[in-house]
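The values are calculated or read from the model by the stated rules, or taken from the named source; none is laboratory data. Quantities reported herein were computed from a predicted structural model and do not represent experimental measurements. Every residue, glycine among them, receives a Cβ derived from its backbone with ideal geometry; neighbour counts consider all protein chains shown.
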Amino acid sequence: MTWNDGLATARPNVPTGPTVPQGVPLWPAGGQNPPQQGLKLGAWRLDCANASHMAGLTYAFLVFHLLLWTVLATLSHRAPPWDNIEQLVWQQSLEWGYYKHPPFPTWWVHGWTELLGRKMWVTFFSAQLSVVLMQLFIWRIALMVTTPARAFASVVLSSLAIYHGVHGIMANHNTLQLMPVGLLLWLTLRAVRGEGSAGQVWRWALVGAAAALCLLSKYSALIWLAVIGLWLLQDARMRSWRAWGGVALALLVCVLLVSPHISWLTQEGSPGLNYAGRAIQGQNDPDQIDHWGRLAKFWVIQFGRVLPIFLGLGLMLALLRRANKKVGQAVDEAAHPVLDPAGERLSASSEWRFVLFMGLGPMLLTTVLGVLGVRLGSAWAATYFVMAGILALACLPLKPPSASPQFVRSVLWAGIVLEVLLALGMALGSGWLADLTGRGARSNFPAAKLARQLDRVWEAQATTPLRVVVGETWLAGNVSVRSKYQPLVFIEADTQKSPWIKPHMLEDCGALIVVDGRDLAEPMPAAMRELLDRAEASGRVKLHWTRLADRGPQLDVMWAVLPAQRPEACPR
């Protein structure tokens, strides 16, 4: 089967080069050379009309995006966001489900930690890699509706969304669903476009596998499947039983791949459905505003999270206007090749309708659910703006043409400047400014110092290696990740939340119990209280929260050591 979708050749029905009326020379007479179409980037001269060159520039920009956010987050954070710690805790064991969410994002993080180590920066990398792969798949769709240079512009604009940048370092189930969603959309469009081709059966099977990955990432994938279903119903290429046979195959593959998770979800005592039900009813969100206020808040938050795309558009337009003036002063209008304007416009094809459905459908459908009474969470829309970069192309002018160096240079500079500003804002706000203002945030939490002190406490009190740390996910997870022993985390002493903890572990090796001093005034889970009552030794670790000893709160952690009953059975 072939997968060519316009990268090396012109996209279907959309011209990508100059169209010259019969009898009109492409370049003016008189022996003049054609205007320079190359864009010089260091030692590399880019031909902006060459699809392969634009592909190389797109790949380079995606690598820049991945490295920028990963490196700056690693340098600025002393501890990752709460969701990243949660994934580092859950990935201690590969399960078919975890007490709050489906398993695929945790499998994804597990794979990268197995390869690169169970470290904070790996969570930033794995989250942003999901963003970059999503952008890669959506870029392939963009090539079907516009020119390669404008498809590159769509990638640049998409990268500016808060969900793909600032929130893109969060290894939560929203960010880690981006890659499966992008893959599903690209494979679906490829399957519909390939009706009658030799590889059609395999294409629909792959669509089913991608749909399964989306559902195994987060149940909000049902919104995407509903929108895709509506698009299939209206597409003329699906008006045959053979076409719907492919959809049936995709559904079958999806159900088969998801069935182990469904079995886990429906087993007696499984917490997954309870958590999902509370999320739909808004019980996981303490916000108590009324129904319409909540719906308005949802839309306001989404506007704020795509606002950088509008800022990017504004900067691009300003740079393009400046480029137009320079070209108008330096080069006679007759020196430019005659371009077919249709080559610069977005296609009015079925592929463009697909972009409209996938760009607008999820938000509209979710809004309808909100109107009907579902209490919407702002993070539900994290994957809804994957097409935003393509939709934004409608605001870019046709002059200078996308194959011109002026256009590509303007897009590239706008993207780099705003990406760097956003990433630096995240890094400074999470690191230096948090310390300077004396703010005790998760990003400047002294995880390494705390873990070193608790390692010394354990070594002074116990005769076995530290194999289990008991406590709340955030605190115990940070200790586990930074400890030289890399112990397993027993989340709140709850076996349902921590299936990787076996009954004999505490008896063989004992455990270190950690509790944030601020939580001691609150009711403690009964299982945690029982373990504390069995502890042989206890104490407190106190240290400055921020990097500046004279600013910020003091971290106060109570520790307790649960003795090993069979130390000879504890692995060394």
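With respect to Ser483, determine if the residue is out of contact with any Lys or Arg (no Cβ under 7 Å at 6 or more places or on another chain), assigned by TED's automatic domain parsing to the domain that holds Phe124 and of a type in the set (Ser, Thr, Tyr). So Ser483 fails the test. On the stretch given as region 447-456, residues that are under 17 Å from Leu75 (Cβ atoms) and surrounded by fewer than 21 Cβ atoms within 10 Å (Cβ to Cβ) total 1.
Which of the residues spanning region 457-480 are within 18 Å of Ala441 (Cβ to Cβ) and surrounded by fewer than 23 Cβ atoms within 10 Å (Cβ to Cβ)? The answer is Glu472, Thr473, Trp474, Leu475. Screening Trp108, Trp96 for residues that are closer than 30 Å to Val192 by Cα and of a type in the set (Phe, Trp, Tyr) leaves exactly one candidate, Trp108. Scan region 514-572 for residues that are in contact with a Phe, Trp or Tyr (Cβ under 8 Å, 6 or more places away or on another chain) and surrounded by fewer than 17 Cβ atoms within 10 Å (Cβ to Cβ) and jot them down. The answer is Ser538, Gly539, Arg540, Pro553, Gln554. The residue pairs whose first member lies in region 147-171 and is in the same structural domain as Ala392 (by TED's automatic domain parsing) and under 16 Å from Leu412 (Cα atoms), whose second member is among the acidic types (Asp, Glu) and assigned to a helix (DSSP H, G or I), and whose beta carbons are closer than 8 Å, counting only pairs six or more residues apart or on different chains, are Ser159/Glu419; Leu160/Glu419.
Within the bounds of region 455-476, is there any residue that is outside any helix (DSSP H, G or I), within 34 Å of the chain's Cα centre (by Cα) and basic (Lys, Arg)? Within region 455-476, one or more residues are outside any helix (DSSP H, G or I), within 34 Å of the chain's Cα centre (by Cα) and basic (Lys, Arg). Listed by first and then second residue, the pairs with beta-carbon distance under 7 Å, at least 6 apart or on different chains, first residue in region 482-505 and surrounded by 15 or more Cβ atoms within 10 Å (Cβ to Cβ), second of a type in the set (Val, Ile, Thr) and part of a loop (DSSP other than H, G, I, E, B), are Leu488/Ile501; Phe490/Ile501; Ile501/Thr495. Just one of (1) assigned to a strand (DSSP E or B); (2) in contact with a Pro (Cβ under 7 Å, 6 or more places away or on another chain) fails for Ile513. It is (2). The set of residues in region 541-566 being closer than 11 Å to Asp435 by Cα and either in contact with a helix residue (DSSP H, G or I) (Cβ under 8 Å, 6 or more places away or on another chain) or among the polar types (S, T, N, Q) (or both) consists of Thr546, Arg547, Leu548, Arg551, Gly552.
Test Ala388 against the stated conditions and say whether it is closer than 27 Å to Leu46 by Cα and assigned by TED's automatic domain parsing to the domain that holds Phe354. Yes. Surrounded by 15 or more Cβ atoms within 10 Å (Cβ to Cβ), out of contact with any Cys (no Cβ under 6 Å at 6 or more places or on another chain), farther than 19 Å from Ala149 by Cβ and at pLDDT 85 or above, is that true of Leu315? So Leu315 fails the test.
Of the helices (runs of 4 or more DSSP H) entirely within region 170-260, those holding at least 2 residues that are touching a helix residue (DSSP H, G or I) at 6+ places or on another chain (Cβ under 8 Å) and surrounded by fewer than 15 Cβ atoms within 10 Å (Cβ to Cβ) occupy 221-234. Only residues that are in a helix (DSSP H, G or I) and more than 22 Å from Pro260 (Cβ to Cβ) were counted in region 104-121, giving 6.
Among the residues of region 67-103, how many are over 17 Å from the mean Cα position of the chain (by Cα), more than 15 Å from Ser430 (Cα to Cα) and not in a loop (DSSP other than H, G, I, E, B)? Residues in region 67-103 being over 17 Å from the mean Cα position of the chain (by Cα), more than 15 Å from Ser430 (Cα to Cα) and not in a loop (DSSP other than H, G, I, E, B): 2 in total.
Within region 520-572, the residues that satisfy the criterion of being of a type in the set (A, V, I, L, M, F, W, C) and in a helix (DSSP H, G or I) are Ala526, Ala527, Met528, Leu531, Leu532, Ala569.
Does Thr175 meet the test of being within 30 Å of Asp47 (Cβ to Cβ) and hydroxyl-bearing (Ser, Thr, Tyr)? When the stated conditions are applied, Thr175 does not pass them.
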